[in-house]
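Student: First the structure, which I've put down as structure tokens, then a few questions once you've had a look.
The values are calculated or read from the model by the stated rules, or taken from the named source; none is laboratory data. This one's a predicted model, so the numbers in the text were calculated from it and none came from an experiment. We place every Cβ from the backbone using ideal geometry, glycine too, and count neighbours over all the protein chains shown. The protein model used for the area step is the full one, side chains on, heavy atoms only, and it has no ligands, DNA or RNA in it. Shrake-Rupley method; radii C 1.70, N 1.55, O 1.52, S 1.80 Å.
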Amino acid sequence: MFDQIIQFLATGLSIGSTYALVGLGFAIIYNASGVVNFAQGEFVMLGAMSVVGLLGAGVPYPLALLVAIAIVTLVGFSLNKFAIEPARGASVVATIIITIGASILLRGAALLIWGKDIFSMPAFTGDEPIQIGAATLVPQNLWIMGITVILVLGVRYFFDKTLIGKAILACSCNKTAAGLVGINVKLMLLTSYGLSAAIGAVAGLLIAPIAFTSFDAGTMLGLKGFAAAILGGMGSSMGAVAGGLVLGVLESLGAGLISSGYKDAIAFVIILAVLFFKPSGLFGFKSVDRV
């Protein structure tokens, strides 16, 4: 039983790393613009599906990965420019509806381009299992966890140490004041959407070799990422990461020790419990900590 629990924990950390990246995307956009972007899951899907299309066109795998991230980043820019920016000043409900509409549009476009088929992506470095203590992992699990750590540290450094990162945080606190001191608010918001889309694309590239991908693969991943952001505290980047890891571990333990049929339900039960007992999130404060 102990060996099984170790295996479930290792698997949960791997899947939770993907949820952490999606939740991080939610937190970045919420920090910058106060918008809950329900199209975040479609960034994940588009990243993987773009690689599938590029590989089918004969593009080398490493180049396909980079081009896919660039494509999804452009989609993030477009979402901000053509959907969010014209609606600036609209109510929270209106912006949520806009992002849901964008999600439906992107999912429909993916259906038209790639159809309903389920696609696989090759693993980055093979499928030979690796024994780590009592747990058995495939190399892709290690890629997921390793790249997640690098991205999380990179995002933390970006917001704490760079002028652009600090400018985005300034916009999140007070856009009017940020504009008065010379910060280009529109450019900072555009940057945040591009960064969020790129992180979502990376999450899709990491998980697709294990979980496969299709035109609707982003729906559930988006909801799990949103659950991670809620669990950690909406607006807290590091809270979203921690929430994703906790969610992944709980989901894996629940599926392994109780029933795999409850795997997807666990995330939504957690959302309800957190919203009921601690709306600010487990790692948040009564007033949202936007870090």
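Student: Beyond 24 Å, what share of the Cα-Cα pairs of region 189-291 remains, rounded to the nearest whole percent?
Tutor: Working: 1414 of 5253 pairs.
Distances greater than 24 Å cover 27 percent of the Cα pairs.
Student: Further, regarding this structure: If you average 1/r over all unlike Cα pairs in region 1-57 and invert the result, what Kirkwood radius do you get in angstrom?
Tutor: Every distinct Cα pair counted, the radius reaches 13.6 Å.
Student: Looking at region 104-237, what % of the alpha carbon pairs are farther apart than 27 Å?
Tutor: Of all Cα-Cα distances in region 104-237, 38 percent exceed 27 Å.
Student: Kirkwood Rh over alpha-carbon pairs of region 42-101, then Stokes-Einstein at 20 °C and 1.002 mPa s: what D in µm² s⁻¹, rounded to an integer?
Tutor: Translational D for this selection: 167 µm²/s.
Student: While we're here: Using a 1.4 Å probe on the protein heavy atoms, what percent of the accessible area of region 14-133 belongs to carbon and sulfur?
Tutor: Here carbon and sulfur together make up 72 percent of the probe-accessible area.
Student: Net charge near residue 138: determine it from the other residues with C-beta under 9 Å of the C-beta of residue 138, scoring Lys and Arg +1 and Asp and Glu -1.
Tutor: My count for the surroundings of residue 138 gives -2.
Student: Hey, another quick one. For region 76-176, which semi-axes, largest first and in whole Å, follow from the square roots of 5 times the eigenvalues of its Cα gyration tensor?
Tutor: Semi-axes, largest first: 35, 26, 11 Å.
Student: While we're here: Can you work out ³J(HN,Hα) from phi for every residue in region 157-165, in order, using Karplus 6.51 cos²θ - 1.76 cosθ + 1.60 and θ = phi - 60°, giving whole Hz and x for Gly and Pro?
Tutor: Coupling constants for region 157-165: 5, 4, 7, 8, 10, 9, 5, 5, x Hz.
Student: Any aspartates and glutamates with Cα under 19 Å of the residue 175 Cα? List them, leaving off those in the same chain fewer than 8 positions away.
Tutor: Answer for residue 175, where 19 Å is the Cα cut-off: 85, 160, 289, listed by chain and number.
Student: Determine ³J(HN,Hα), in whole Hz, for all residues of region 181-196 in sequence, where each value follows from phi through the Karplus function 6.51 cos²θ - 1.76 cosθ + 1.60 and θ = phi - 60°; x replaces Gly and Pro.
Tutor: Per residue, the Karplus-derived 3J(HN,Hα) values read 8, x, 7, 7, 4, 4, 5, 5, 5, 4, 4, 5, 5, x, 5, 4 Hz.
Student: Considering the Cα positions of region 4-133, please state its Rg to one decimal place and its Dmax as a whole number of Å.
Tutor: 17.4, 54
Student: Through the Karplus equation 6.51 cos²θ - 1.76 cosθ + 1.60, θ set to phi - 60°, convert the phi angles of region 110-115 into ³J(HN,Hα) values in whole Hz; use x for Gly and Pro.
Tutor: 5, 5, 5, 7, 10, x
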